[in-house]
Every structure is written in C-alpha cells, then in structure tokens.
Amino acid sequence: MKTDKLYAQRLDEQDELKPFQEEFYIPEETIYFDGNSLGLLSKRAEHSLETLMDSWKKHAIDGWTEGAEPWFYLSEKLGKMSAPLVGADMDEVIVTGSTTTNLHQLVSSFYRPHGKKTKILADALNFPSDIYALKSQLKLKGYDPDEHLIQVQSNDGNTVETADIIKEMTDDVALIMLPGVLYRSGQILDMQTLTSEAHKRGIVIGFDLCHSIGSIPHHLSDWGVDFAFWCNYKHLNGGPGSVAGLYVNRKHFGNEPGLAGWFSSSKEKQFDMSHTLTPAEDAGAYQIGTPHVFSAAPLLGSLSIFQEVGIDRVRKKSLQLTNYLMDLIESELDDYNFTIANPKDDATRGGHVFLEHKEAARICKALKAEKVIPDFRTPNGIRLAPVALYNTFAEVWETVQILKTIMKEERYKKYENKRGVIA
Ligand SMILES: *Cc1c(COP(=O)(O)O)cnc(C)c1O
C-alpha cells in the first residue's frame with residue numbers, strides 16, 4: 001500500500017540517486033523541502049570554494065591566470081558546465097551577474113523596438129523582479145509600461161494557456177519574456193511551441209529558467225530560443241547570492257551587448273585597454289565587469305554533481321517524488337480542504353507541489369515547528385519541493401503524516417495566519 005511507510009522505504013532502497021544524499025549537508029533532523037528557493041550546500045561546493053580561497057592565499061594577483069582554477073576563465077568554464085542543463089552549445093552559456101541583472105542585460109540587448117513593433121509580452125503570474133525590470137527597460141526606451149507591457153492573464157490564477165499566449169503575439173510585439181516554470185504553480189510552459197510561434201511572427205523570445213534549471217531538461221538550441229537566464233542558488237545549489245547564468249543563441253553572436261563593460265571583451269583584446277570594445281565572439285560578450293569569484297566558486301562543485309548524475313535522472317526521480325507526494329496528499333489529507341494547484345500531469349509539472357489552503361501561512365509555521373521546511377507564497381500557497389539529489393520517499397511520507405497531525409489536532413491555530421518578512 002502506498003500509504004504504508006514500508007512502501008516509501010522500498011522506493012528509497014531502489015533509488016539509484018541515493019548515494020548523492022551523503023554529499024549534502026542536510027540540517028539536522030530536518031525535512032528540507034525548500035531546495036527550489038535555496039538549494040543545500042554540498043561537500044563538493046564547499047571544497048571548490050575553499051580551493052579558490054586557497055588560490056587567493058597562495059597566488060594573490062596571479063590567481064587570475066594560475067592556481068587550480070584560474071579566475072580569468074572561471075565564468076566560461078562554469079558556462080560550459082551548465083550548457084548541458086539547458087541544451088546549449090558550450091559557448092552559448094556564461095555564468096555571470098544575477099538573474100535580474102542578466103534580464104536587464106539581455107532585454108537591453110534584444111529589445112529593439114522599431115516601426116509599430118514596440119511592445120513587450122510577458123505573463124501576469126511572473127515573479128515581481130522580472131516585471132519591475134521589464135517596466136524599467138520600457139521606460140528607458142521612452143515607452144509607457146501601462147501601454148507597452150502586455151501581460152497574458154491566467155484563467156485560474158495559477159496557470160497560463162499556450163493558446164492565450166499565442167493570441168497575444170500581435171504585430172506590435174517586439175519581444176517576449178516568459179518563465180520556463182512558473183514560480184508558484186510549478187507549471188512548465190511549452191517553450192518549444194512558444195518559440196516557434198514567436199518566430200513565425202518575427203518576435204524575439206527569451207525565458208527565465210530560475211525554477212526550471214536543474215529541475216527539468218531543456219533544449220534551448222534545438223528549440224531556437226533567442227536568450228535565457230537563471231539563478232544558480234535554487235535547484236543548482238550554488239549558495240545564497242550565487243552568481244547566475246545566461247544563454248544566448250549562437251545566431252546572435254558577434255553583436256555588442258546592450259550593457260557593455262570590459263568583461264564583454266574578447267579575452268585576447270581585453271588587456272589592450274582600447275576604448276573601442278571588441279566583444280567576445282560568444283555568450284561571454286554579455287558579461288559586464290569583474291566576476292564575483294567567491295560567489296561563483298561553489299558552482300564548480302555543485303555543477304560537477306549534475307554532470308555526474310545527468311539531468312534526465314534528476315527529472316525521473318523528481319517526477320516520482322512529486323507523484324508520490326500528490327498521491328499521499330489525495331489519500332491522507334482528503335478531509336482538510338487542501339487544493340493541489342500545480343499541474344498534475346508529468347509533461348507540465350515542474351519540480352514542486354503547490355498546495356493551496358486558506359490557512360496556508362500558519363500551516364507553514366506549524367510545519368516549520370515540526371522541522372519540515374516548506375515555503376509559503378502569499379496569499380494562500382504552500383510550496384513543497386522534494387529534491388531528487390537529497391530528499392527521500394520516506395521524507396515525503398513523513399511530511400504528509402506530520403501535515404495530517406497538524407490538521408487533525410489543529411496545531412496551526414497556535415500561530416497567526418500572516419507571513420514573515422521572508423516568505
Ligand atoms: C528566484 C527568482 C528571481 C530572483 O532574482 P535575483 O536577481 O536572483 O534576486 C527572479 N525571477 C524569478 C522567476 C525567480 O524565480
């Protein structure tokens with residue numbers, strides 16, 4: 001029976017990714033289901049950070065070109081390591097900046113309003129930072145965001161329909177920017193179809209992969225996506241504030257970036273100190289300044305785990321975990337008015353389960369008190385992310401039992417139904 005703990009234990013015994021759990025620092029006696037907000041530290045990531053600190057210690061300025069991992073080539077090396085996760089050629093990816101600064105960089109490079117093509121198309125459910133950035137990009141070009149930012153609406157408050165997005169791809173749209181996986185409901189957008197429909201209409205399209213990278217496979221180059229960007233501290237376990245990543249399709253190589261700096265330069269020319277930029281011939285051109293070496297260093301270790309496991313195996317276990325979680329929620333929590341608000345089918349479900357409940361804020365507090373770490377998304381959402389690399393089926397089982405007790409004994413009533421400063 002699925003509802004027996006033994007069933008979960010058997011799934012764990014058969015889990016081929018099991019050896020990787022030991023590579024991570026899991027907070028003691030805690031069930032950590034928040035790896036889609038901040039992934040856990042691995043021993044490899046810790047080691048790679050120490051290695052780069054050691055280069056500073058031993059080589060000082062020469063660490064740029066000497067030592068175990070010369071800093072001058074670190075962004076490119078990490079880009080190459082990330083490329084398989086997004087389905088790109090190695091030189092189409094660079095690790096640089098933050099999600100939001102990369103969005104600014106790419107939109108200022110790819111948003112070229114001309115004639116009646118002046119609008120940007122996004123969705124109504126995206127993360128606020130993306131929308132703030134798009135509005136400020138419009139203002140910088142002299143356009144009123146109220147008129148020039150089109151946001152595709154959701155019919156159910158949680159998902160957006162491909163057909164509704166396509167309907168908004170009108171003649172006046174210059175650029176489209178959408179998430180690969182929606183941060184609340186975990187819906188996967190059909191990036192392939194959206195890209196081909198955008199291109200039929202002469203529209204440039206890019207994706208924010210914050211919630212999809214490290215969670216689902218991508219084929220950006222095959223799909224012909226123009227650009228993409230993501231953070232590395234969620235599913236990729238790069239650490240708080242980890243340096244982010246971006247992708248530029250090679251058909252756009254050779255252009256000057258919208259926001260240039262000396263690290264946009266071709267590496268051979270950079271130290272010529274010329275006032276005329278010769279941009280790098282690859283995605284490296286979208287860097288701006290000196291890389292944040294210590295905030296990138298843990299990625300050497302954490303990406304090596306993904307290289308070893310492969311994203312297809314991560315996805316396979318992730319689907320098993322979220323399927324099992326949904327099954328148990330349906331059978332065990334039937335009496336307590338939870339709604340599973342993420343897409344349920346494998347093709348459109350990302351790496352987390354999204355539960356809605358009117359007492360969500362205080363149910364999350366009660367879960368935390370029992371050492372289960374979810375995250376709350378205002379006004380009524382609970383995200384639960386069992387992560388393939390370090391979570392177990394037994395933890396999924398345990399979490400549902402804990403949730404059942406919290407509901408049955410109304411333990412959540414001890415808390416105020418209000419979010420904390422960070423939620
Ligand atoms: C996490 C996340 C961000 C965060 O942006 P930062 O620049 O790293 O602070 C932005 N957009 C989306 C969709 C996210 O999920």
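Side notes on the structure shown:
- Within region 90-107, being out of contact with any helix residue (DSSP H, G or I) (no Cβ under 6 Å at 6 or more places or on another chain) and over 18 Å from SER242 (Cβ atoms) holds for ASP91, LEU106.
- Matching residues in region 250-263 - criterion: being touching a helix residue (DSSP H, G or I) at 6+ places or on another chain (Cβ under 9 Å) and over 30 Å from LEU38 (Cβ atoms): ARG250, HIS252, PHE253, GLY254, ASN255, GLU256, ALA260, TRP262
Residue by residue, here is whether (1) touching a strand residue (DSSP E or B) at 6+ places or on another chain (Cβ under 9 Å); (2) more than 16 Å from the ligand (Cβ to nearest atom); (3) assigned by TED's automatic domain parsing to the domain that holds GLN137 holds:
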position: LEU209; (1), (2), (3): yes, no, yes
position: GLY214; (1), (2), (3): yes, no, yes
position: HIS252; (1), (2), (3): yes, yes, yes
position: LYS267; (1), (2), (3): no, yes, yes
position: MET273; (1), (2), (3): no, yes, yes
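- Restricting region 177-191 to residues that are away from the ligand (no atom under 13 Å from the Cβ) and not in a loop (DSSP other than H, G, I, E, B), the residue that is most open to solvent (accessible area, probe 1.4 Å): ILE188
- Matching residues in region 3-28 - criterion: being hydroxyl-bearing (Ser, Thr, Tyr) and under 19 Å from ILE373 (Cβ atoms): TYR25
- A search for C-beta distances below 6 Å between a residue of region 3-32 that is farther than 13 Å from TYR324 by Cα and any residue that is β-branched (Val, Ile, Thr) and in a helix (DSSP H, G or I), counting only pairs 6+ apart in sequence or on different chains, returns ILE31/THR399.
- Among the residues making up region 127-155, a single one is in contact (Cβ under 8 Å) with a residue 40 or more places away in the chain and open to solvent by 20 Å² or more (accessible area, probe 1.4 Å): PHE127.
- Residue check for PRO240: in contact with a Lys or Arg (Cβ under 9 Å, 6 or more places away or on another chain), surrounded by fewer than 22 Cβ atoms within 10 Å (Cβ to Cβ) and either on the phi > 0 side of the Ramachandran plot or part of a loop (DSSP other than H, G, I, E, B) (or both): no
- Residue within region 105-116 that is in contact with a Phe, Trp or Tyr (Cβ under 9 Å, 6 or more places away or on another chain), within 30 Å of PHE24 (Cβ to Cβ) and open to solvent by less than 70 Å² (accessible area, probe 1.4 Å) present: no
- In this entry, GLU161 passes the filter for residues that are out of contact with any strand residue (DSSP E or B) (no Cβ under 8 Å at 6 or more places or on another chain), surrounded by fewer than 21 Cβ atoms within 10 Å (Cβ to Cβ) and either closer than 25 Å to ALA347 by Cα or among the aromatic types (Phe, Trp, Tyr) (or both).
- On the stretch given as region 271-322, residues that are farther than 30 Å from GLU23 by Cα and among the charged types (D, E, K, R) total 3.
- Residues (at positive phi and in contact (Cβ under 8 Å) with a residue 24 or more places away in the chain) located in region 65-111: GLY87, GLY97
- Unmet requirement for LYS77, which otherwise passes all of (1) more than 14 Å from LEU299 (Cα to Cα); (2) open to solvent by 30 Å² or more (accessible area, probe 1.4 Å); (3) away from the ligand (no atom under 16 Å from the Cβ); (4) out of contact with any strand residue (DSSP E or B) (no Cβ under 6 Å at 6 or more places or on another chain): (1)
The values are calculated or read from the model by the stated rules, or taken from the named source; none is laboratory data. This one's a predicted model, so the numbers in the text were calculated from it and none came from an experiment. Positions of Cβ are backbone-derived with ideal geometry, glycine not excepted, and every protein chain shown enters the neighbour counts. To get the accessible areas, we keep the full protein, side chains included, count just its heavy atoms, and leave off ligands, DNA and RNA. Shrake-Rupley method; radii C 1.70, N 1.55, O 1.52, S 1.80 Å.
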